[in-house]
Amino acid sequence: METPLRQPVAVGSLSRMRALLGRLGNPEEGFPSIHVTGSLGKGSVVSFLEAAFAACGYKVGVFSPSSAPQEMVRLSAEPASPNVLEPYLSLVEKSCEVQARPVERLAAAAFLFFAEEEVEIAVVGAEVGGRNDLANCLSHRLLTLVTCVEEDRVDLFGRGWARASWEEAHTASAGVPLLTVERKVEALAAFAEATKRAGGALVILDPDEVQGREFSWDRVSWGLREDPLGLGEFSTPPLGLYQQANLALALGALCELVGGWELGPDAIKRGWINVKLPGRFEVISRRPYVVLDAARNPAAAASLVRTIEAMPDPGGRRTLIFAIHRGQPVRSTAEVLFPAFDEVILCSGADEELLPAQALLPQARRLGVGHRVVPDPHVAMAKALDVAAPKDLIVMVAPKGLLAEVRRGFERPA
């Protein structure tokens, strides 16, 4: 049985999810969990926590809908194969008397898997976030983490971030600390009101607690302002500047758990130096430089551009290969990204949720950037590589599933 792939989002899935889990004996009650939501960085925060817990010797399960389909369900930092998940998916199908979507069925199968494997903790990312997101079904939440809230799913939450922040605020629950690195006063006011009504506690973290010290195409060195865990300076693979706040949020979560959990600083540093973040400023080649990134809104796009500027300049031309889902803020994202490159290649792919490449043409023309249309993303990458010099930079910005396909077909060594 194949792992269900991402389907069009339908807000309001929480009641269906609870009904489905009830028919399965409520496997989500079998393990403690951390719930990660927000507009930007959910998958990254999940991965930072996963790496830290695994390095500290804990058996950790991950369900991360924002990851590529093959990486949504993981056990101790390794993807669960379709063969491993098959019996759990079969059990879900037999119990599925409600019209559950594929991602809901996969989440239920993951929770069955985690319960049977007796994971010591599960880190669960939100699908789209908000009060009706399926991740709100978790019974034994230790923490709720909210990353930065920005304009993102305009098809669900409208323009701007006000509705999104209200939705994320209502993930608060009784007795569960809600941690956030959000800084916008209006968003924090919504969080404070919602946590008070729910009987929870709001913990506001400093997104600048983590400071990038040295950026290279091999490693990034980070330092800490207060260093509550005594980590000292630590390193990670190449990461975008936007990961600064995500690392601060993950660090804040670990600090909340110190005392009840054995979380040694040396183990955390080992976990983070080897953390895997597919599709998040992922460097897959250095001759020429090729980066995969899933930036899908103006804030993420701006962070990506700033990261490129912070890295040592390879010295060659910059080419952007671009695809984006319907419902994302296409115009404002293009305004940030396109002018930073010498050429933009517009592509799409087989996913019906992706905007057709031709539909992106007005943005490229309006912004006056050199561009061409190559609908097939694999062909687009091949054409870019064919003319690239060793010092050129090729950046592919696309949804994570599409990036995973391109990564698998990429044969040049990093």
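The values are calculated or read from the model by the stated rules, or taken from the named source; none is laboratory data. Note that the structure is a prediction, hence the values are computed from the model and not measured. Quick reminder, even Gly has a Cβ in these numbers, built from the backbone with ideal geometry, and neighbours come from all protein chains shown.
Values computed for the structure shown
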read-out: Top-ranked residue of the stretch 305-324 - restricted to ones that are in contact with a strand residue (DSSP E or B) (Cβ under 6 Å, 6 or more places away or on another chain) and not polar (S, T, N, Q), ranked as surrounded by the most Cβ atoms within 10 Å (Cβ to Cβ); value: F322
read-out: Qualifying residue in the stretch 337-347 (condition: under 21 Å from the mean Cα position of the chain (by Cα) and at pLDDT 95 or above); value: yes
read-out: Those residues of the stretch 62-89 which are hydrophobic (A, V, I, L, M, F, W, C) and on the phi > 0 side of the Ramachandran plot, in sequence order; value: A77
read-out: Answer residue from the stretch 92-107, given it is among the aliphatic types (A, V, I, L, M) and crowded, with 19+ Cβ neighbours inside 10 Å and is modelled with the lowest pLDDT among those; value: A100
read-out: Of the criteria (1) in contact (Cβ under 8 Å) with a residue 12 or more places away in the chain; (2) closer than 28 Å to E282 by Cβ; (3) within 25 Å of the chain's Cα centre (by Cα), which one L257 fails; value: (2)
read-out: Of all residues in the stretch 177-193 being surrounded by 21 or more Cβ atoms within 10 Å (Cβ to Cβ), at pLDDT 90 or above and hydrophobic (A, V, I, L, M, F, W, C), the one that is farthest from D313 (Cα to Cα); value: L178
read-out: Unmet criterion (only one of (1) under 24 Å from F215 (Cβ atoms); (2) over 25 Å from the mean Cα position of the chain (by Cα); (3) surrounded by fewer than 18 Cβ atoms within 10 Å (Cβ to Cβ)) for D392; value: (3)
read-out: Members of the stretch 81-122 that are of a type in the set (D, E, K, R) and either under 21 Å from H35 (Cβ atoms) or part of a helix (DSSP H, G or I) (or both); value: E86, E93, K94, R101, E104, R105, E116, E117, E118, E120
read-out: Positions within the stretch 82-103 being hydroxyl-bearing (S, T, Y) and either closer than 20 Å to V60 by Cα or without any contact (Cβ under 8 Å) to a residue 24 or more places away in the chain (or both), in sequence order; value: Y88
read-out: Flag if A302 is surrounded by 22 or more Cβ atoms within 10 Å (Cβ to Cβ), among the small types (G, A, S), within 17 Å of the chain's Cα centre (by Cα) and at pLDDT below 95; value: no
read-out: Index of the failed condition, V373 passing every other in (1) under 18 Å from D386 (Cα atoms); (2) surrounded by 21 or more Cβ atoms within 10 Å (Cβ to Cβ); (3) aliphatic (A, V, I, L, M); value: (2)
read-out: Given (1) of a type in the set (D, E, K, R); (2) in contact with an Asp or Glu (Cβ under 7 Å, 6 or more places away or on another chain); (3) over 20 Å from A245 (Cα atoms), index of the condition E262 fails; value: (2)
read-out: Contacts under 6 angstrom Cβ, first residue in the stretch 357-385 being more than 23 Å from E405 (Cα to Cα) and assigned by TED's automatic domain parsing to the domain that holds A334, partner aromatic (F, W, Y) and not in a strand (DSSP E or B), 6 or more apart; value: L367/F338; V369/F338
read-out: Odd one out for L106 among (1) closer than 28 Å to C56 by Cβ; (2) free of Cβ contacts under 8 Å to residues at least 24 places away in the same chain; value: (2)
read-out: Sole exception among (1) out of contact with any Gly (no Cβ under 6 Å at 6 or more places or on another chain); (2) modelled with pLDDT of 95 or more for E233, by number; value: (1)
read-out: Residue in the stretch 197-209 that is touching a residue at least 60 places away in the same chain (Cβ under 8 Å) and either within 19 Å of S44 (Cβ to Cβ) or more than 19 Å from the chain's Cα centre (by Cα) (or both) present; value: no
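Every residue, every condition in (1) crowded, with 24+ Cβ neighbours inside 10 Å; (2) farther than 22 Å from P177 by Cα; (3) assigned by TED's automatic domain parsing to the domain that holds G327, yes or no:
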| residue | (1), (2), (3) |
| --- | --- |
| T37 | yes, no, no |
| F53 | yes, no, no |
| G61 | yes, no, no |
| S76 | no, yes, no |
| F114 | yes, yes, no |
| E117 | no, yes, no |
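A quick yes/no check of all residues on (1) aliphatic (A, V, I, L, M); (2) under 21 Å from D351 (Cα atoms):
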| site | (1), (2) |
| --- | --- |
| R287 | no, no |
| V290 | yes, no |
| P298 | no, no |
| M311 | yes, no |
| R317 | no, no |
| I321 | yes, yes |
| I324 | yes, yes |
| V330 | yes, yes |
| T333 | no, yes |
